[in-house]
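The values are calculated or read from the model by the stated rules, or taken from the named source; none is laboratory data. What you see is a predicted model; the values in this text were computed from it and never measured. Using ideal geometry, Cβ is built from the backbone for each residue, glycine included, and neighbour counts are taken over all protein chains shown.
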Amino acid sequence: MGFYSTEIPFRVAEEPSFQAMFDYKLPSRHQLSGNLLDTVYSREKDRVISLLKEASDLAIVSDGWTNISGDSIVNFVLVNPRFSSVLSKSINTVAHMHTGEYIADTILTTIADVGHVR
């Protein structure tokens, strides 16, 4: 659903000027953040699992950064030439030193997680 993929704030769905653009009543922000989000998440998760099972080649890419709150975040993205990149997971690493051992452990855990799906 467009709200999730474009990161439109849920409260926009309740703005009369936004609703006027459509011929039907949009879901409320509570519906968007509740059961509709759960449904879209489940559908996307199933789609990604299916893609991973069919993939003959797969690369895991990681990137670390600091968010606006000062938290250290590491993202793991799955890449395959046949489908667009997929975010595997995002880890808040603020409680851990970014040693080679810690980074290696998180990469190995991610590989194991993906391996369970495949």
- Item | All positions within the range 1-45 that are surrounded by 10 or more Cβ atoms within 10 Å (Cβ to Cβ), under 17 Å from V86 (Cβ atoms) and not β-branched (V, I, T) | Y4, Y41, S42, R43, E44, K45
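When the range 83-118 is examined, which residues are found to be within 20 Å of S5 (Cβ to Cβ) and loosely packed, with under 10 Cβ neighbours inside 10 Å?
Once the filter is applied, which keeps residues that are within 20 Å of S5 (Cβ to Cβ) and loosely packed, with under 10 Cβ neighbours inside 10 Å, the range 83-118 yields only S84.
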- Message: Which pairs turn up if I take residues in the range 95-110 that are closer than 16 Å to W65 by Cα and look for partners that are surrounded by 11 or more Cβ atoms within 10 Å (Cβ to Cβ) and aliphatic (A, V, I, L, M) with beta carbon separation below 6 Å, at least 6 apart in sequence or on another chain?
- Response: none
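Scan the range 44-56 and tell me whether some residue there is among the aliphatic types (A, V, I, L, M) and either in contact with a helix residue (DSSP H, G or I) (Cβ under 6 Å, 6 or more places away or on another chain) or under 30 Å from P16 (Cβ atoms) (or both). Lay out the reasoning, then the answer.
Of the range 44-56, the ones among the aliphatic types (A, V, I, L, M) are 48-49, 51-52, 55.
Still in the list and also either in contact with a helix residue (DSSP H, G or I) (Cβ under 6 Å, 6 or more places away or on another chain) or under 30 Å from P16 (Cβ atoms) (or both): 49, 52.
Yes, the range 44-56 contains a residue that is among the aliphatic types (A, V, I, L, M) and either in contact with a helix residue (DSSP H, G or I) (Cβ under 6 Å, 6 or more places away or on another chain) or under 30 Å from P16 (Cβ atoms) (or both).
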- Near pairs, Cβ below 8 angstrom, 6+ apart or cross-chain, from the range 58-75 (over 16 Å from D113 (Cα atoms) and surrounded by 14 or more Cβ atoms within 10 Å (Cβ to Cβ)) to any residue that is modelled with pLDDT of 90 or more and small (G, A, S): I73/S90
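If I ask for residues that are among the small types (G, A, S) and modelled with pLDDT of 85 or more, which ones from the range 101-118 would you list? If you could, list the steps in order and put the result at the bottom.
Taking the range 101-118 first, the residues among the small types (G, A, S) are 104, 112, 115.
Residues satisfying the conditions are A104, A112.
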- In this structure, does S17 turn out to be polar (S, T, N, Q) and either closer than 17 Å to V117 by Cβ or not in a helix (DSSP H, G or I) (or both)? no
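Any residue that is in contact (Cβ under 8 Å) with a residue 12 or more places away in the chain and not basic (K, R) - is there at least one of those in the range 15-25?
First, pick out the residues of the range 15-25 that are in contact (Cβ under 8 Å) with a residue 12 or more places away in the chain: none.
No, the conditions are met nowhere in the range 15-25.
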